[in-house]
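The values are calculated or read from the model by the stated rules, or taken from the named source; none is laboratory data. Note that the structure is predicted; figures quoted are calculated from it, not measured. When we count neighbours, we look across all protein chains shown, and the Cβ atoms used for this are built from the backbone with ideal geometry, even at glycine.
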């Protein structure tokens with residue numbers, strides 16, 4: 001996983017002050033560009049993550065709440081890098097209520113370890129429903145359990161009854177969760 005120190009290597013001259021963040025955060029795409037940097041991070045996301053590290057954790061929810069999709073995405077990606085504890089969980093829950101596949105996928109990154117088991121299972125099922133590739137779900141193979149398997153089986157039966165296929169990655173997960181016959 002990328003760290004704040006690694007992101008700083010891409011923007012070494014920047015030293016963000018908390019008072020500047022409200023004005024700079026929305027303008028990050030224009031100011032820093034959107035080109036890919038490392039491990040799924042773009043320049044604007046890296047700048048935004050560094051800005052978030054400069055503000056008190058209590059301000060991050062408002063930054064997310066009033067942000068556009070790109071800003072929300074940057075907040076979700078930055079959460080595991082910030083000393084925010086469980087304060088960011090409501091942001092994941094908000095992202096998981098959307099129909100934006102980018103936000104749903106970002107909500108299931110490393111910070112999703114803080115989601116409760118039932119909420120996490122529901123989020124994985126939502127990924128299957130929305131067509132979000134399951135390889136984007138952090139620690140999927142470690143966290144998947146028989147209850148998730150039961151949920152996926154029920155969903156697969158619904159899809160079959162409707163004449164629809166299950167995504168191949170969901171079938172592979174379901175196979176891995178199914179009891180092996182002797």
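Return the only residue of 74, 112, 106, 123 being under 26 Å from residue 38 (Cβ atoms), in the same structural domain as residue 7 (by TED's automatic domain parsing) and under 13 Å from the mean Cα position of the chain (by Cα). Write out each step before concluding.
Working: 112 fails: in the same structural domain as residue 7 (by TED's automatic domain parsing); 106 fails: in the same structural domain as residue 7 (by TED's automatic domain parsing); 123 fails: in the same structural domain as residue 7 (by TED's automatic domain parsing).
When all the criteria are applied, what remains is 74.
Specify which of the listed residues (91, 173) is over 25 Å from residue 45 (Cβ atoms), in contact with a helix residue (DSSP H, G or I) (Cβ under 8 Å, 6 or more places away or on another chain) and either touching a residue at least 60 places away in the same chain (Cβ under 8 Å) or part of a helix (DSSP H, G or I) (or both).
On the way: 91 fails: over 25 Å from residue 45 (Cβ atoms).
From the options 91, 173, the qualifying one is 173.
What's the number of the only condition in (1) touching a residue at least 40 places away in the same chain (Cβ under 8 Å); (2) surrounded by 20 or more Cβ atoms within 10 Å (Cβ to Cβ) that residue 53 fails to meet?
Against the list (1) touching a residue at least 40 places away in the same chain (Cβ under 8 Å); (2) surrounded by 20 or more Cβ atoms within 10 Å (Cβ to Cβ), residue 53 comes up short only on (2).
For the stretch 31-42: of the residues being touching a helix residue (DSSP H, G or I) at 6+ places or on another chain (Cβ under 8 Å) and surrounded by 18 or more Cβ atoms within 10 Å (Cβ to Cβ), which is farthest from residue 1 (Cα to Cα)?
Here the residue is 32.
Every residue, every condition in (1) exposed (fewer than 15 other Cβ atoms within 10 Å of the Cβ); (2) under 21 Å from residue 89 (Cα atoms); (3) touching a strand residue (DSSP E or B) at 6+ places or on another chain (Cβ under 6 Å), yes or no:
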| position | (1), (2), (3) |
| --- | --- |
| 117 | yes, yes, no |
| 120 | no, yes, no |
| 124 | no, yes, no |
| 128 | no, no, no |
| 136 | no, yes, no |
| 141 | yes, no, no |
| 152 | no, no, no |
| 160 | yes, no, no |
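When residues of the stretch 1-30 are filtered for being surrounded by 12 or more Cβ atoms within 10 Å (Cβ to Cβ) and part of a helix (DSSP H, G or I), how many remain?
Of the residues in the stretch 1-30, 10 are surrounded by 12 or more Cβ atoms within 10 Å (Cβ to Cβ) and part of a helix (DSSP H, G or I).
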